[in-house]
Amino acid sequence: MRHIRGKKALRVVSFLRSRFKVGHILKSIDLDQFQKYQRRYDDADPRPHGYSKYLDIRPWMADKLMHALYLGLDKSRPMKILDIGTGTGYFPYVCKYFGHEVVALDLDVVPMYNDLCEFLEIDRRTWRVEKYQKLPDLGLRFDLVTAFMIKFNQHYSKEQWATAEWRFMLEDLRTNQLNPNGRIFLGFNANLDGSFYDDELRRYFESIGARIWHNEVDIGGPKQSVLFDVCDRLLGVEGPNSHPNPY
Ligand SMILES: C[S@@+](CC[C@H](N)C(=O)[O-])C[C@H]1O[C@@H](n2cnc3c(N)ncnc32)[C@H](O)[C@@H]1O
């Protein structure tokens, strides 16, 4: 319970800081050029649910920045990060802004995602994540693997991944993609019934030491009291978030 309160506090701090800091990130982007994509794809997949919503770059970049701040990426040593199902590439862009090396994976079927990743100079590789299929050898090992607003688990269908599929994926990540002290951070979309995971999957995540909050599952994250972590952030001190912990 205490860690959930701490997590909430850390999230609030990250949220507020992201709203102040997003302007700095946007200044590093040629927004005149970006307007070209806003015009081209404005009606491609209408708001509020379609992917054209990501063209509203300020709130979406701020959302990704919030995650990066929450993960301590603004203060950490340069890390190697893998972002799965990256979409527009905003999260990798924020990571690169803070000096990290990022590889992103996604399908290549949505022209807007292809164009924006190219525009933001994201090292995005085309790959379809499928159940019980290992990820490809990407030529390096990662300190952090992220996936936000996950869709590859088919959350929108009756074929949604259950514990066995997630166990396969996480073991593949740990064995073949992560560095020894690596961290995995997952942000789930709601399933058809409105939940993010069933009891069995939740128990599995807990059994491997994950910290779970709402739709987020943090595996190998910092073990220090989150309260201390919030203080570290406020004081600008480098804390354990800066160096991912072992499982
Ligand atoms: C809801 S978007 C989220 C994008 C990004 N992670 C974010 O938070 O803004 C889901 C992304 O997952 C990608 N995706 C869906 N199914 C996938 C699969 N089987 N393998 C790889 N990527 C997939 C989509 O192309 C899309 O970019």
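Only the coordinates and a few stated rules stand behind these numbers; no lab work does. Nothing here was measured: the structure is a model prediction, and the numbers come from that model. In this analysis, Cβ positions are derived from the backbone assuming ideal geometry, glycine residues included, and neighbour counts consider all displayed protein chains.
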Give the long-range amide H neighbours of Phe142: residues separated by 5 or more places, or on another chain, with amide H under 5 Å away, using H modelled in the peptide plane at 1.01 Å from N. Leu178, Asn179
Across Lys36/Lys64; Lys53/Lys151; Lys134/Lys158; Lys8/Lys134, pairs whose alpha-carbon gap is larger than 27 Å: Lys8/Lys134
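Select from segment 155-197 those trypsin sites (Lys or Arg not before Pro) which occupy a DSSP coil region and have at most 10 other Cβ atoms within 10 Å, ordered by residue number. Mind dumping the intermediate values first?
Values: sites: Lys158, Arg167, Arg174, Arg183; in loops: Lys158.
Answer in residue order: Lys158.
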How large is the helix-only mean residue ellipticity at 222 nm for the chain, computed as the sum of -39500 (n - 2.57) over DSSP H runs with n ≥ 4, divided by its residue count, in deg cm²/dmol to the nearest 500? -12000 deg cm²/dmol
DSSP bridge pairs, the chain: antiparallel proportion in percent, nearest 5: 30 percent
On a straight-distance basis, which aspartates and glutamates could pair with Lys7 in a cross-link, Cα separation under 18 angstrom, same-chain partners fewer than 8 positions away excluded? Asp63, Asp74, Glu206, Glu216, Asp218, Asp229, Asp232, Glu238
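Taking R0 as 25 Å, what FRET efficiency do you get between Thr175 and Arg125 from their Cβ-Cβ distance, rounded to the nearest 0.05? Please list the in-between numbers first.
Values: r = 20 Å, r/R0 = 0.78.
The value I calculate is 0.80.
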Using Cβ counts within 10 Å as a stand-in for footprinting exposure, how do Cys117, Cys95 rank, fewest first? Cys117, Cys95
